[in-house]
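For reference, the structure is listed below as structure tokens.
What follows is calculated from the coordinates using simple rules that are stated; it is not laboratory data. As the structure is a computational prediction, the values presented were derived from the model and not from experiment. Cβ placement follows ideal geometry from the backbone for every residue including glycine, while neighbour counts extend to all protein chains displayed.
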């Protein structure tokens with residue numbers, strides 16, 4: 001290793017907006033090919049940029065989310081891969097359907113806060129359910145707000161989980 005691949009620079013606002021526009025175009029084309037009449041529009045939430053799929057029939061929106069968000073994850077991965085190759089960039093834009101991911105994120109943050117408060121009160125560590133790296137980072141960020149607590153990830157993918165405990 002030559003050490004030149006240390007860490008990617010943070011993308012500029014223009015770069016992220018370009019990614020969001022390219023992702024929205026790709027997702028709209030995908031929806032059209034699937035026969036789903038909906039709109040893909042770039043939005044921001046919590047410092048992240050999303051392409052939110054909106055204004056479609058309820059049953060189509062549920063189909064796009066899938067069981068536990070699995071179809072949405074697949075659509076996002078497909079879009080990230082295709083657009084990433086087209087732009088030759090690492091894509092940092094998330095695909096969402098009618099705020100599904102944003103609601104899940106808000107619920108996870110609230111749950112992590114409740115568990116951290118309970119660990120702080122009782123002094124007993126608690127483990128959360130397995131989650132993906134992005135979700136674990138959200139939990140670690142919440143726990144970092146609490147003095148005297150720490151969080152660690154344990155286990156192996158895809159069963160990796162967070163433990164919140166006194167520091």
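Computed values, structure above
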{"item": "In degrees, nearest ten, helix 13-34 long axis to first principal axis of the chain (Cα)", "result": "60"}
{"item": "The chain, relative contact order [Cα under 8 Å, separation at least 6], %", "result": "16"}
{"item": "Label point distance in nm, residue 111-residue 25, each placed 7 Å from Cα along Cα→Cβ", "result": "3.8"}
{"item": "Point-to-point label distance, residue 121-residue 89, nm (Cα→Cβ direction, 7 Å offset)", "result": "4.5"}
{"item": "Descending Cα extents along the principal axes, the range 104-166, whole Å", "result": "30, 23, 15"}
{"item": "Label corresponding to semi-axes √(5λ) of the Cα gyration tensor in Å when calculated from the structure given, among [x] 40, 17, 13; [y] 27, 19, 14; [z] 32, 21, 14", "result": "[z]"}
{"item": "The range 30-101 and the range 129-160: distance between their alpha carbon centers, rounded to Å", "result": "25"}
{"item": "The chain: angle of helix 100-122 to the longest principal axis, Cα-based, in degrees nearest 10", "result": "0"}
{"item": "Neighbour-count ranking [beta-carbon atoms within 10 angstrom, fewest first] of 134, 100, 50", "result": "134, 100, 50"}
{"item": "Relative contact order, percent, the range 104-166 [alpha-carbon distance under 8 Å, six or more residues apart]", "result": "40"}
{"item": "Extension gain, residue 154 back to residue 41 (0.36 nm per residue minus Cα-Cα distance, nm)", "result": "37.0 nm"}
{"item": "Distance between modelled label sites at residue 104 and residue 32, nm, 7 Å Cα→Cβ extension", "result": "2.8"}
